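Student: Attaching a single structure in structure tokens format; questions to follow.
The values are calculated or read from the model by the stated rules, or taken from the named source; none is laboratory data. Here the structure is a predicted model, which is why all the values come from computation and not from measurement. Backbone-built Cβ (ideal geometry, glycine too); neighbour counts: all protein chains shown.
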Amino acid sequence: MMRNRRAKIRTMMLVLLLQVSVAAIRCLAQANVQGQWTAVQTWPNRAIHATLLPDGRIFFVSYYTESLHPHIWNPANNTFSATNMPAYELFCAGHTTLPSGKLFIAGGHIADFVGQQHASIFTAGTNSFTQVPDMNRGRWYPTTTVLANGDVLVVSGDINSSSNTNPLPQVYSPATNSWRSLTNAQLVLPLYPLMYVAPNGKVFQAGPNRQTRYLSTAGTGVWSNVALKNFTSTRTYGPGVMYEAGKILVVGGGDPPTATAETIDLNAATPVWRSTGSMHFARRQHNAVVLPDGKVLIVGGSSSSGFDNSAAKVAASEMWDPATGQFTVMASIAKYRGYHSTALLLPDGRVLSAGGNGGGPNAQIYSPPYLFKGARPAISSAPAGAAYGQTVFIGTPNATAITKVSLIRLGSTTHTFDESARYMHLNFSQAAGGLNVTMPANGNLAPPGYYMLFILNGSGVPSVARIMHLGAVAVAGLRGNVPASSAQDEPANNAIAQVNKFPTSRPAERSQGARLAAERINISSSKLAVTDLSFLDLNTVPGQAGHCDGAEQSSQSATSVSSGGSKACTVQSPN
Amino acid sequence: MYSTKSKLTIMVILSALFCVAAQAQTYTVTDLGAVRHGSARVHGINAAGQAVGGSGHPHGEDTHAFFWQKQGGMRDLGTLAGGDFSSAFAVNDAGLVVGTSNTATKMHAFAWTAAGGMKDLGTLPGTDASQAYSVNNQGQIAGSSGTHAVIFSGGSIQDLGTLGGNSSEAHAINNLGQVAGMADTADGHAHAFLWTKGAMLDLGTLAGDTESRADHINAAGLVVGASSGGGGVRAFFWSPSTGMQAIPSLSGGGYSEAFGVNSQGQVVGESSTSLGSRAFLWTASGGIIDLNDVVVGLPTNIVLAGAFSINDKGEIVAFGLRSPNVSRHQEAHMDSHVHSGPTRVFLLTPQ
């Protein structure tokens, strides 16, 4: 009897072990092809605006009065810190990282369709906002673009609900802390237009409207038409990505949404839009993120008509391969990431997807298939910065296995568009103990600022990035961290932190959400510290076993993220 | 003729009489429709109840100017050659419509008539951009060219200058040829101005504020707009006798702006509230009211978010939301697209 019982228990244990093993292998095999999402983690509020800082942390902003309380998420220990308060609501602003790595924020929210005239710089090292001189008029939903010389172009944005979008492009100079108006280039543009510095130095408007154009920012500015897109309507709330120097993908968008996508090569003598493969799902309100291997991840969105139709949520992610022009279905996300959601590439090669009106104050992190294809190459040394055209030594014990080196500008995304990220591959050669890598030739190819440098092996597996500064002059003494103070784009006159012409709406308005958010999570308001990136030096294969679409997980109980997402994908008991 | 004092006395009496009536005034609502898929704004209405604006995708894409009248509904006015955007801002009693259109690579003011279609109003010499915001019954058009406020009239363009700064815009012109708008002062702050026969008068700001803008002027020279600074963004009215006075916002609001005023001194605009933005009507004697509260039979799925123009019959054009997810009695859920989603345009008719 006893023996039989023990045998039965032994058999059951073996069967259970076998089942777990099979499940683990299945999950790993699936992750090897489709990637893997972590469980949903609760965040302090919705990440409607999100920016990767040079120290590897994520600055994010929610809506309405909650936007008076930005936060920073540190993926190293999965903690959140509240920043100091800005002087006005940052909701609905445009933003990008300056050459110094500081965050430039133009416009903001007074009321729906009514924009702030202010612009500010956030310095992570001192956790402070500094207002710069005001813009010509208000801007609600503008786009910011760092130019080849480090200045920032700002276009579009609503002044108020009764006017056209602000038609005057303006250029902010960090060096002089002043604005230059492109009075000869006044044009009514859509909100949050897709803008990219092109190889010829002009700024290319790739959408969302059908007519695409160049803006020359020299002198008082001038527009010239380039080409009509093939999609005959407008790609409203369809993102764009510069997936290689001068090459842009626009994907989906419109109402009803389209599954189509098209590309343009601005390096061509006469650029034209060419249709590429279509997504498996029509989408609008989705995000697109360029990865270290040059592929583009499509996250979230809605497949049906309507401004933000959460009933038609697209759970499946997709991956676009520029080599084939085809989309492949990837792992499904748990939440609806539609209007007001964000997605960013992290320095460890994973992708953050967060926020959204429907998605809520939470996030998931995606590990692409390349993180399940064997050991990762590692960067053992890299300079803090490099000048244009400079060849630099990147130390790696995996030098002979490296087949690709890529450079991606730190992302800064909102409303389906990343105003900062852009991808390019770099030429390199093998050297003893590493690689000699040649930096982009000029700021037209890669506007100055902070970039993630990845090395990839023949299986397409990327290293963890080294965040490097790229500019006319290499920055000494930096190892991916933001200097506490940099003269490069500090406003020349801090006295400019001036009278608040358009202060925030009164706290009574929509303050309940902010209070609730603050109650949901115990937020540290301590001063922020610069974070070392060494935690990102991984050489492990993530993704061990378990189900991948876990139940809601509080941030307090969230597992460490330093293993490429594997821990959050292990078997866990539901909450 | 009447002295200025007499005119003001008459105006005040008329305003008071009208306001008594306005307190009890109710409206019917008409959805004006759309000519392009998506979103619309309505900016002006004339004495005949004809309305103009722009209709297109939300966020300013693929938008075309429209002309609406009861018989025939909404008409697409197209764009200037090569353009992908236009919007009409005003229509006079003769049906002359003015607004702004993109050309292939520029932004130009236009005038439109049913007989002649859309014509480019051109620009000041040395500039390459213009906008038109208002037209009076003499056909004088107020707008901007380059960075200066202008009057387009009889084929010529008059530069109105600034208040000592770099830029200015003319937003409204009445039948006396008086112009209201905003202009930079020497210290770089924009102030509302009243321009009369060559003289630009700085209307200042509300106490404690640093900037202001005038959005409309009525036949008697009453100017309305918004002042901003330490007190937030607040609607104002201005007259020579009162100077600039604040129009209180609706309950719970920190933002308000006055966009239109008629000969009776009725002012319309937009005010934020604890429930979101609401269209308002203000009179000196009756105070401010939420227009959502005085439209008889307003469907529960419509919220009037802002009112932009009012004619002397008291007809009002407004924009708002029409969705099963919204209600004027409660704050909109964030998934109801109030924030930046599609908007509709409405005519409010006194009954």
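Student: Could you check the stretch A:40-58 and list, in sequence order, the residues that are in contact with a Leu (Cβ under 6 Å, 6 or more places away or on another chain) and under 16 Å from A:Cys92 (Cβ atoms)?
Tutor: If the condition is that a residue be in contact with a Leu (Cβ under 6 Å, 6 or more places away or on another chain) and under 16 Å from A:Cys92 (Cβ atoms), then A:Ala50, A:Thr51 are the ones that fit.
Student: For B:Phe259, only one of the following conditions fails: (1) more than 30 Å from A:Ala311 (Cβ to Cβ); (2) away from every other protein chain (no Cβ under 13 Å). What is its number?
Tutor: Just one mismatch for B:Phe259, condition (2).
Student: Let me ask you something else. Scan A:Val241, A:Val250, A:Val226 and give me the residue that is touching an Asp or Glu at 6+ places or on another chain (Cβ under 7 Å), assigned to a strand (DSSP E or B) and modelled with pLDDT of 95 or more. Quick ask: steps written out before the conclusion?
Tutor: Numbers: A:Val241 fails: touching an Asp or Glu at 6+ places or on another chain (Cβ under 7 Å); A:Val226 fails: touching an Asp or Glu at 6+ places or on another chain (Cβ under 7 Å).
None of the other options fit; the residue is A:Val250.
Student: Look through A:Leu191, A:Leu228 and report the one residue that is surrounded by fewer than 24 Cβ atoms within 10 Å (Cβ to Cβ), within 12 Å of chain B (Cβ to nearest Cβ) and within 23 Å of A:Pro257 (Cα to Cα). Walk me through how you get there before you give the answer.
Tutor: Details: A:Leu191 fails: surrounded by fewer than 24 Cβ atoms within 10 Å (Cβ to Cβ).
Only one candidate qualifies: A:Leu228.
Student: Output the number of the condition that B:Gly188 fails; it satisfies all remaining conditions of (1) closer than 27 Å to B:Ala47 by Cβ; (2) at pLDDT below 95.
Tutor: Looking at each condition in turn, B:Gly188 falls short on (1).
Student: State all residues of the stretch A:423-470 that are part of a loop (DSSP other than H, G, I, E, B) and among the polar types (S, T, N, Q); if no residue qualifies, say none. Write out each step before concluding.
Tutor: Here is the first cut: in the stretch A:423-470, the residues part of a loop (DSSP other than H, G, I, E, B) are A:427, A:432-433, A:439-448, A:458-461, A:463-465.
The answer is A:Asn427, A:Asn442, A:Asn444, A:Ser459, A:Ser463.
Student: Does A:Thr212 count as part of a strand (DSSP E or B) and not charged (D, E, K, R)? Write out each step before concluding.
Tutor: On the way: part of a strand (DSSP E or B): yes; not charged (D, E, K, R): yes.
Considered against the rule, which asks whether it is part of a strand (DSSP E or B) and not charged (D, E, K, R), A:Thr212 comes out as yes.
Student: Any idea which of (1) in a strand (DSSP E or B); (2) within 23 Å of B:Asn262 (Cα to Cα) is the one B:Ser130 doesn't satisfy?
Tutor: (2)
Student: Another question, then. Select from the stretch B:24-78 the residues that are β-branched (Val, Ile, Thr) and surrounded by fewer than 24 Cβ atoms within 10 Å (Cβ to Cβ) and list them in ascending order. I'd like the intermediate steps shown before the answer.
Tutor: First, the residues of the stretch B:24-78 that are β-branched (Val, Ile, Thr): B:26, B:28-30, B:35, B:42, B:45, B:52, B:63.
Result: B:Thr26, B:Thr28, B:Val29, B:Thr30, B:Val35.
Student: Quick one: which residue in B:Ser285, B:Ser271 is crowded, with 19+ Cβ neighbours inside 10 Å and either touching a Gly at 6+ places or on another chain (Cβ under 8 Å) or in contact (Cβ under 8 Å) with a residue 40 or more places away in the chain (or both)?
Tutor: Numbers: B:Ser285 fails: crowded, with 19+ Cβ neighbours inside 10 Å.
None of the others qualify; the one that does is B:Ser271.
Student: Are any residues in the stretch B:293-332 away from chain A (no Cβ under 14 Å), more than 27 Å from B:Ile217 (Cβ to Cβ) and not in a strand (DSSP E or B), and if so, which ones?
Tutor: Those that are away from chain A (no Cβ under 14 Å), more than 27 Å from B:Ile217 (Cβ to Cβ) and not in a strand (DSSP E or B): B:Asp293, B:Val296, B:Gly297, B:Leu298, B:Pro299, B:Thr300, B:Asn301, B:Ser327, B:Arg328, B:His329.
Student: Inspect all residues belonging to the stretch B:163-171 and state whether any of them is away from chain A (no Cβ under 12 Å) and surrounded by fewer than 24 Cβ atoms within 10 Å (Cβ to Cβ). Walk me through how you get there before you give the answer.
Tutor: Here is the first cut: in the stretch B:163-171, the residues away from chain A (no Cβ under 12 Å) are B:163-164, B:170.
Next, only the ones that are surrounded by fewer than 24 Cβ atoms within 10 Å (Cβ to Cβ) stay: B:163-164.
Checking the stretch B:163-171: at least one residue is away from chain A (no Cβ under 12 Å) and surrounded by fewer than 24 Cβ atoms within 10 Å (Cβ to Cβ).
Student: Could you check how many residues of the stretch B:128-146 are buried (at least 19 other Cβ atoms within 10 Å of the Cβ) and more than 21 Å from B:Arg213 (Cβ to Cβ)? Talk me through it step by step, then tell me what you get.
Tutor: Here is the first cut: in the stretch B:128-146, the residues buried (at least 19 other Cβ atoms within 10 Å of the Cβ) are B:128-136, B:140-146.
In the following step, the residues that additionally are more than 21 Å from B:Arg213 (Cβ to Cβ) were identified as B:128.
Total satisfying the criteria: 1.
Student: Name the residue that is surrounded by the most Cβ atoms within 10 Å (Cβ to Cβ), counting only residues in the stretch B:101-115 that are at the interface with another protein chain (Cβ under 9 Å from one of its Cβ atoms) and in contact with a Phe, Trp or Tyr (Cβ under 7 Å, 6 or more places away or on another chain).
Tutor: B:Ser101
Student: Taking the stretch A:194-212, which residues are facing another protein chain (nearest Cβ under 7 Å), in contact with a strand residue (DSSP E or B) (Cβ under 7 Å, 6 or more places away or on another chain) and surrounded by 23 or more Cβ atoms within 10 Å (Cβ to Cβ)?
Tutor: Once the filter is applied, which keeps residues that are facing another protein chain (nearest Cβ under 7 Å), in contact with a strand residue (DSSP E or B) (Cβ under 7 Å, 6 or more places away or on another chain) and surrounded by 23 or more Cβ atoms within 10 Å (Cβ to Cβ), the stretch A:194-212 yields only A:Pro208.
Student: Going through the stretch B:57-76 one residue at a time, which ones are under 20 Å from A:Asn166 (Cα atoms) and touching a His at 6+ places or on another chain (Cβ under 6 Å)? Steps first, please.
Tutor: Narrowing the stretch B:57-76 to residues under 20 Å from A:Asn166 (Cα atoms): B:57-65.
Matches in the stretch B:57-76: none.
Student: A further question on this structure: Name the residues in the stretch B:226-247 that are at pLDDT 95 or above and touching a Ser or Thr at 6+ places or on another chain (Cβ under 6 Å), would you?
Tutor: Filtering the stretch B:226-247 for residues at pLDDT 95 or above gives B:226-228, B:233-247.
Across the stretch B:226-247, the qualifying residues are B:Ser227, B:Arg234, B:Ala235, B:Phe236.
Student: Can I ask one more? When residues of the stretch A:16-67 are filtered for being in contact with a helix residue (DSSP H, G or I) (Cβ under 8 Å, 6 or more places away or on another chain), modelled with pLDDT of 95 or more and among the charged types (D, E, K, R), how many remain?
Tutor: Of the residues in the stretch A:16-67, 2 are in contact with a helix residue (DSSP H, G or I) (Cβ under 8 Å, 6 or more places away or on another chain), modelled with pLDDT of 95 or more and among the charged types (D, E, K, R).
Student: Before we move on, is B:Gly276 within 14 Å of chain A (Cβ to nearest Cβ) and of a type in the set (Gly, Ala, Ser)? Quick ask: steps written out before the conclusion?
Tutor: Values: within 14 Å of chain A (Cβ to nearest Cβ): yes; of a type in the set (Gly, Ala, Ser): yes.
Yes, satisfied.
Student: While we're on this one: Please work out which one of (1) among the hydroxyl-bearing types (Ser, Thr, Tyr); (2) in a loop (DSSP other than H, G, I, E, B); (3) within 14 Å of another protein chain (Cβ to nearest Cβ); (4) out of contact with any Gly (no Cβ under 8 Å at 6 or more places or on another chain) is the condition B:Ser228 fails and give its number.
Tutor: (2)
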